Amino acid sequence: MFESMEREDKLAARKFADLRKKPHIPAQLVDLVEQVRSIQSQARGQAVVPTVFAGPGSGLASVDQVIQGAPLLARERFSYDAAQAGQLFGRFQELLSGMGGPMAQSAGIVREEGETLMRAAFDAFMANDSSVFVEFAKRTPNAPRALSFLAQSSLTPSITALAESLSASLPKDRTWDQGTCPICGSLAFHSVLSGKEGVRVNCCSFCRAAYRTVRLQCPYCEERDAAKLPYFTADEEPGYRVDACLSCQGYIKTTDFREFDRPSLPALDDLESMSLDILAMKRGFTRPTASAWGF
Ligand SMILES: [Zn+2]
Ligand SMILES: [Zn+2]
């Protein structure tokens, strides 16, 4: 359910080379994401996470319960490496300051508010509560997502490290019936078709697990009627498609590189295919999750 960090680093190097060839993706954004991803990759290996989860009160579901649709450990029960997240928050805030413009202004406000805002943002992200981020966005309309970017980017390495250690207790290569992540119960932010048969692998917006799931199913409302699950592509974005749902009006972008020799890393595929988000929204579909970078 998780790539090794070595393999991710190799894929990322190729992926950033591809991203730099896309004129519509701002170079400054690619630079930022490249630095953040590299710091996160190291941090994931160093994160201090609880290794023993057992007994009543641990919040851990049994494998049978997960097979029936319960998350192994619900998002609200996740813990994170607070010392690491605090350090990363400071580093990423400096990166934003170095960008100048609205991002730097937004980072300046975050710095002024110090620990209190950071803790509030961490708590809100863990609880999947958007109110702190919505309030912050009103104060910095030119960089509305700066705080959610900082919180998400700082917490993700230790959340992923914990999810990876938890995943050892789940069966490998299972096709999960649920649309949501079997580890933490969160929604997917991206999907990938892989292998000759086009197996669908969804990627979790919270813990970043990649889990195999039903090929034809809305990841949000679990609609399985093919007539209600249209998909569309754009000529300028070969290798990507939008899978939409007429029942809940949601959409998810899907990487389909089966005809190409191209590297896929869902968090970067999401960035590479951002023009499809605009297309999907123009058609009236909405995406229930933020991008992999909190934007
Ligand atoms: Zn998850
Ligand atoms: Zn749906």
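The values are calculated or read from the model by the stated rules, or taken from the named source; none is laboratory data. Quantities reported herein were computed from a predicted structural model and do not represent experimental measurements. Cβ placement follows ideal geometry from the backbone for every residue including glycine, while neighbour counts extend to all protein chains displayed.
Structure summary
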read-out	value
So Ser169, is it away from ligand 2 (no atom under 15 Å from the Cβ) and either assigned to a strand (DSSP E or B) or in contact with a Gly (Cβ under 6 Å, 6 or more places away or on another chain) (or both)	no
Leading residue by the ranking (surrounded by the fewest Cβ atoms within 10 Å (Cβ to Cβ)) among those in segment 191-214 that are touching a Ser or Thr at 6+ places or on another chain (Cβ under 9 Å) and charged (D, E, K, R)	Arg212
All positions within segment 226-248 that are acidic (Asp, Glu) and touching a residue at least 12 places away in the same chain (Cβ under 8 Å)	Glu236, Glu237, Asp243
Residue within segment 33-48 that is farther than 30 Å from Asp277 by Cβ, among the hydrophobic types (A, V, I, L, M, F, W, C), assigned to a helix (DSSP H, G or I) and in the same structural domain as Leu150 (by TED's automatic domain parsing) present	no
Any chance Ala85 is within 16 Å of ligand 1 (Cβ to nearest atom), in the same structural domain as Thr160 (by TED's automatic domain parsing), in contact (Cβ under 8 Å) with a residue 60 or more places away in the chain and surrounded by 14 or more Cβ atoms within 10 Å (Cβ to Cβ)	no
Selected residue (only one of Ala124, Ala107, Ala137, Ala151 is without any contact (Cβ under 8 Å) to a residue 12 or more places away in the chain and buried (at least 16 other Cβ atoms within 10 Å of the Cβ))	Ala137
Ser169 in contact (Cβ under 8 Å) with a residue 12 or more places away in the chain, touching a strand residue (DSSP E or B) at 6+ places or on another chain (Cβ under 9 Å) and more than 13 Å from ligand 1 (Cβ to nearest atom)	no
Odd one out for Gly179, checked against (1) in a helix (DSSP H, G or I); (2) among the small types (Gly, Ala, Ser); (3) outside the structural domain of Gly45 (by TED's automatic domain parsing)	(1)
Criterion: away from ligand 1 (no atom under 16 Å from the Cβ), of a type outside the set (S, T, N, Q) and under 19 Å from Gln178 (Cα atoms) - qualifying residue of Ala244, Ala209	Ala244
Tally, over segment 238-256, of residues that are more than 15 Å from ligand 2 (Cβ to nearest atom), in a loop (DSSP other than H, G, I, E, B) and in contact with a Lys or Arg (Cβ under 8 Å, 6 or more places away or on another chain)	2
Single residue of segment 216-237 satisfying the filter (more than 15 Å from ligand 2 (Cβ to nearest atom) and either crowded, with 20+ Cβ neighbours inside 10 Å or farther than 23 Å from Trp293 by Cβ (or both)) that is modelled with the lowest pLDDT	Asp235
Considering residues of segment 265-295 that are surrounded by fewer than 17 Cβ atoms within 10 Å (Cβ to Cβ) and not in a helix (DSSP H, G or I) only, the residue nearest to the chain's Cα centre (by Cα)	Pro288
Residues that are part of a loop (DSSP other than H, G, I, E, B) and among the charged types (D, E, K, R), drawn from segment 182-225	Lys196, Glu197, Arg208, Arg215, Glu222, Glu223, Arg224, Asp225
